[in-house]
Amino acid sequence: MSSISGLVEDEISSFFESSPPLKNKEEVVAKLNQFIELNSSRQGEKRRIVCVTSGGTTVPLEQRCVRYIDNFSSGNRGAASTENFVKAGYAVIFLYRRGTCQPYCRSLPDDPFLECFEFPDAKNIRVRESHSEAVKMAVMDQQAAVGEGRLLKLPFSTIYEYLQMLREMATALKDVGPCSMFYLAAAVSDFYVPWNSMTEHKIQSGSGPLDIRLAQVPKMISILRSNWAPKAFCVSFKLETDSKILIEKATKALQKYKVHAVVANELSTRKEEVVVVSSSGNVVVRRDSDKPESIVEDNLIRLIVDRHSTYIKENHT
Ligand code: PAZ
């Protein structure tokens, strides 16, 4: 378990104290507790629970937000990983950025949703023949996962919402101990405009060029590891565009935050390969290039699940 300095703890506290409160906090906490309760009390079996974070956080520039800073993340990694975790028997809390890629939707056609349907007559609506298989599979898989109580989806948009929800989630999962996992694939903003120094109304363009000072977002992984959910298995991600510094940065993150693995990926090749950096060495994970349907998450989640199993065996009391 890692310990954090008083300074970092102060920065984290002041981030939360100055954040606009989560609007639907009670509802989020109730859903989380119900989901965890359901999956922790299966007869004879304690289901593993993973929190998958997905997509990018926004940084509002005005309190009544008109403009915000965003990032590239599509949510594809988180959605594909979620499907694989469900397949591996996990219950998944999918903390995702509104509007980004959803589990079971990857195989749907790119056409706008409404173009998947047709009207044979005024009373009926049906899925177009060309899309029927993909739509059927997506609906069945999604409804099975939700119906069996194995998928809970919680949306966020801003950095404020994301970090407050992550804290709620980690606190709620604390008692699940080693059977819980954090798989932190979201692209979280490193910089933000503190709420109390943010203008309330829309920034006016009449006063010329805009200077904005961005503060650094405190790194929450340290407090997640030390206080919020110290017994959970924790996998973080490191993205770089310069492959020369990627592994070095991932190794530093592994040591600094004392997570169990860091998945290192480079922007342009992230769908082809990742490197899992951990204390037992670095493993390159690729998609099976001879199988067109194969995605890197198939092999990645197999490896992560394996590591989690070992962790549970070593830490179960
Ligand atoms: O969301 P996506 O599939 O487009 O990309 C996935 C990813 C690159 C955001 C993820 O694999 C990742 O590295 N997340 C952490 C990014 C970081 O803050 O370093």
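Where a number appears in this text, it was derived from the coordinates with a stated rule and is not lab data. Source: prediction; values computed, not measured. For neighbour counting, all protein chains shown are included, and Cβ atoms are generated from backbone atoms with ideal geometry for every residue, glycine included.
Charged side chains reduced to their Cβ positions (Lys and Arg at +1, Asp and Glu at -1) give the stretch 127-257 a dipole of some 420 debye around its Cα centre. When the chain is treated as a GNM with alpha-carbon contacts under 10 Å, the residue of G208, G55, G147 showing the greatest mean-square fluctuation is G208. The fewest-to-most ranking of M140, M165, M181 by surrounding Cβ atoms within 10 Å reads M140, M165, M181. Using 5 Å bins from zero, what percent of all Cα-Cα pairs in the stretch 5-56 falls into each bin? Whole-percent P(r) values from 0 Å outward: 4, 15, 12, 15, 19, 16, 11, 6, 2. Ordering T53, T251, T199, T58 from the fewest to the most neighbouring beta carbons within 10 Å gives T199, T251, T58, T53. With the simple model of a label 7 Å out from the Cα in the direction of the Cβ, Q216 to S294 spans 4.1 nm. By the count of neighbouring beta-carbon atoms within 10 Å, fewest first, S180, S205 end up ordered S205, S180.
The distance linking the stretch 133-212 with the stretch 73-132 is 19 Å (Cα centroid to Cα centroid, whole angstrom).
Ellipsoid semi-axes for the stretch 197-298, based on the Cα gyration tensor and the rule √(5λ), read 34, 22, 13 Å when sorted largest first.
Whole-Hz Karplus values for the stretch 102-112 come out as 10, x, 6, 9, 5, 8, 6, x, 6, 4, x Hz, taken residue by residue from phi with 6.51 cos²θ - 1.76 cosθ + 1.60 and θ = phi - 60°; glycine and proline positions read x.
When you restrict to C-alpha pairs under 8 Å that are six or more residues apart and normalise by the size of the stretch 158-314, the relative contact order lands at 19 percent. Considering only L32, L114, L173, the mean-square fluctuation computed in a Gaussian network model of the chain, springs between alpha carbons under 10 angstrom, is largest for L114.
Note: the chain, Cα convex hull, 184 Å³ per residue. In the chain, taking the dipole from charged Cβ atoms about the Cα centre, the farthest positive-side position among S19, F113, Q34 is held by Q34. Springs between alpha-carbon atoms under 10 Å, Gaussian network over the chain: tell me which of S130, S41, S243 tops the mean-square fluctuations. Looking only at S130, S41, S243, the biggest GNM fluctuation is shown by S130. Over the stretch 1-98, how many percent of alpha carbon pairs lie in each 5 Å bin up to the one with the longest distance? Whole-percent P(r) values from 0 Å outward: 2, 10, 12, 15, 18, 20, 13, 7, 2, 1, 0. Using a Förster radius of 35 Å, what is the FRET efficiency between S207 and R98 based on their Cβ-Cβ separation? Nearest 0.05, please. The value I calculate is 0.65.
For the chain, the membrane-span-like helices by this rule, meaning whole DSSP H stretches whose C-alpha atoms cover at least 15 Å of axis and whose Kyte-Doolittle mean is 0.0 or above, are 6-17, 159-173; this says nothing about an actual membrane. Summing +1 for each Lys or Arg and -1 for each Asp or Glu among the other residues whose beta-carbon sits under 11 angstrom from that of E118 gives -1. Note on T199/D121: beta-carbon distance plugged into 1/(1 + (r/R0)^6) with R0 of 51 Å gives a FRET efficiency of 0.40.
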